[in-house]
Each structure stands twice: as C-alpha cells, then as structure tokens.
Amino acid sequence: MSDQIEKVSIIISKGSLEGVYPGLIMANGARMEGIEATLFFTFFGLDAVIDKRMDHLKVATVGNPAMHIPTMVGGLPGMAAVATAKMKSEMEKLDIPPVREFIEMIHDTGAEIYACKATVDMFHLKKEDFCPQVDDIITVGEFYEKSAGASIIFT
Amino acid sequence: MSTVEVLGKQLELDADGNLANPEDWNEEIAKELAKQEGIDELTERHWMVINFMRKEYQEKGDAPSIRKLTKQSGVDTKELYQLFPKGPAKKAARIAGLPKPKGCI
C-alpha cells in the first residue's frame, strides 16, 4: 500500500486556459481516486481564482507551435476568442466544466485552494479579489508545510 | 479472475475488483458490497446515487463520473463525498455492481 500516492500538491502557474485546466483535471482526478489534493495558484495562474477574471481565461494562440497556425495569423484580432470558444465547446462535450464551476466542484470535494502571497503582493491583490473557494493566501514556506508527505506537481 | 463471496454466492470480479457481471447484482448484494467499502447502512440518498448510476449505465454503457453525478443525480459534490468517502464515483459504481467509470472528470 505504501507505494500508492496518498496526497498531491498541484501548483498552477499559468493563466491561459490550456495552462489552467491540466492542474484542475489532475486535482479533481486525485479526489476521485480518494487522494488528498491541495491546489496552489501562483503568478499568472492566479487569474483562475480571481473573481473578475476566472470566467474570461483565453487559449494562447501565439507562441504555441502545437496550435499549428502561423504566429502572425495567431496574432490577428479575435483569434484567441475563436480558439477559446472552440476549445470550450469541445471540453463541454467531454463533461469538463467551465473554470468557475470546476473550482467550486474541486473545493466541494474537500481539496484545499491557496493563492501565493508573493504574487498577491506583487500584483497588489486582496483577499476579496478572489473567488470564495480560495481558503487562504499563503507563503511558499507554508505551501511546503501543507505539502508534507505529498507529491508536488508543477504546471 | 478473482471472485468474492457475497450472501453465500461466489461472484466474479473484474480487474478493478468490481462485479464482472452487472446482472449478478441485486439490492441485497449492494448492501453487502457497501459494508465491504465501509458504508454500514445505505440511506435513501445513497440509493438515489446508486439508482442514477445504474440507469445511466444501462442507457450509455459507461458509469457516470463525478461531474455528471453532481449535475444530474440530485446529490451535490459535497454530499457525494460524505455519502461515499474517498472517491464517490468509484465507490458508488462498485456498490452498484458496475465497472469503474471511464471518464476523467
């Protein structure tokens, strides 16, 4: 039994739609398997838990060779919106919820959600800027304390 | 293939430890499977989830995972984790005599 994963701490550091979802899916998937999960949002990843921004995350269409569109085309006005709409509709078909609903669901499964203090200070944010599911704003040291015994996953 | 003895009958299990033949299942067996999962008594709320899962499985051929349960079973995420601690979709599927849900969400 001891080689089974019992706890994960997932760091979400990117604020694009494709940067946020993998961490959310892994956190929810961990809870589904009965694994404890903690989510730590840092740098631009904080956008996924900022109340005013979390419903408006976009797919990055520039600087991503796997999008298979030329960089200049990816930079045209409206491209990010088109790619985002397309990705959201594909995700809904797979039963992947929108970011806000997903965060609520993950929190309801018993996972803990934290924002990174250094980034919060850097961006001049306050606790009330975040969605209610954010349990606390914590330092990196506190993150490591809470992650005792966990596998840490950086996304 | 491994088997489990429930109420004096040997039932075949799949690789995940769930019933290999959903038709072996009945409500009495569900109560015994629940006990093996540490759930001593199946309440009306447990049955809502179990019955929803069996219905979905019969219609779609796959047991629903957590988001579908949250949205459609009539029991929300928090309560699902209280009713079936440590993985409601997986546990409820086992008690419902179904294969483990294939969905990731």
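For the residues A:Ala48, A:Ala81, A:Ala27, a GNM of chain A with alpha-carbon springs under 10 Å puts the largest fluctuation on A:Ala81.
B:Pro88 sits among other residues whose Cβ lies under 10 Å from its own Cβ, and their net charge, with Lys and Arg +1 and Asp and Glu -1, is +3.
If you filter chain B for trypsin sites (Lys or Arg not before Pro), then keep DSSP loop positions with at most 10 other Cβ within 10 Å, what is left? Don't skip to the answer; put the middle values down first.
Working: sites: B:Lys9, B:Lys31, B:Lys35, B:Arg45, B:Arg54, B:Lys55, B:Lys60, B:Arg67, B:Lys68, B:Lys71, B:Lys78, B:Lys86, B:Lys90, B:Lys91, B:Arg94, B:Lys102; in loops: B:Lys86, B:Lys102.
Of the trypsin sites (Lys or Arg not before Pro), the ones in loops of chain B whose Cβ has at most 10 other Cβ atoms within 10 Å are B:Lys102.
Spatially, segment A:125-144 and segment B:38-105 are offset by 32 Å when compared through their Cα centroids. Checked against a 19 Å cut-off, the cross-linked pairs B:Lys55/B:Lys90; B:Lys60/B:Lys102; A:Lys58/B:Lys71; A:Lys7/A:Lys146 give Cα-Cα distances beyond that limit for A:Lys58/B:Lys71.
What's the total accessible area buried between chains B and A, using a 1.4 Å probe, rounded to the nearest 100 Å²? Don't skip to the end; give the middle numbers.
Numbers: alone 6140 and 8860 Å², together 13530 Å².
Protein heavy atoms only, the B-A interface buries about 1500 Å².
Under 5 Å between amide hydrogens, built in the peptide plane, is the criterion, and for A:Ile10 it picks out A:Thr38, A:Leu39, A:Phe40, A:Ile153 among residues at least 5 positions away or on other chains.
Could you order A:Ser16, B:Ser2 by accessible surface area, starting with the largest, using a probe radius of 1.4 Å?
On the way: A:Ser16 25, B:Ser2 65 Å².
So the residues, ranked largest to smallest area, are B:Ser2, A:Ser16.
3J(HN,Hα) along segment A:131-138, derived from phi through the Karplus expression 6.51 cos²θ - 1.76 cosθ + 1.60 where θ = phi - 60°, amounts to 5, x, 6, 6, 6, 6, 9, 10 Hz, with x in place of Gly and Pro. The amide H of A:Lys58, built 1.01 Å from its N in the peptide plane, has A:Leu17 as neighbours under 5 Å, considering only residues 5 or more places off or on other chains. Only helices reaching 20 angstrom along their own axis (Cα) with mean Kyte-Doolittle hydropathy no lower than -1.0 count here, and for the DSSP H runs of chain A these are A:17-32, A:79-93.
What does the C-alpha gyration tensor say about the overall shape of segment B:1-59? Classify as rounded when a/c is under 1.5, otherwise prolate if a/b is larger than b/c, or oblate. Oblate, because a/c is 1.5 or more while a/b does not exceed b/c. Computed over all pairs of different Cα atoms, the Kirkwood value for the hydrodynamic radius of the protein assembly as shown is 20.1 Å.
Per residue of A:142-150, other chain Cβ atoms within 10 Å of the residue Cβ number 0 on average.
On a 1.4 Å probe surface of the protein chains, which of A:Glu112, B:Glu32, B:Glu27 comes out largest in accessible area, and what is the full order? Spell out each step's value before the answer.
Working: A:Glu112 75, B:Glu32 55, B:Glu27 100 Å².
Largest to smallest exposure gives the sequence B:Glu27, A:Glu112, B:Glu32.
Residues of segment A:2-20 falling in the label zone of A:Ser151, defined by backbone nitrogen less than 19 Å from a point 7 Å along Cα to beta-carbon, are A:2-13.
The values are calculated or read from the model by the stated rules, or taken from the named source; none is laboratory data. Only a predicted model underlies this, so the values are computations on that prediction, with no experimental measurement involved. Here the Cβ is made from the backbone with ideal geometry for all residues, glycine too, and neighbour counts use every protein chain on show. The protein model used for the area step is the full one, side chains on, heavy atoms only, and it has no ligands, DNA or RNA in it. Shrake-Rupley method; radii C 1.70, N 1.55, O 1.52, S 1.80 Å.
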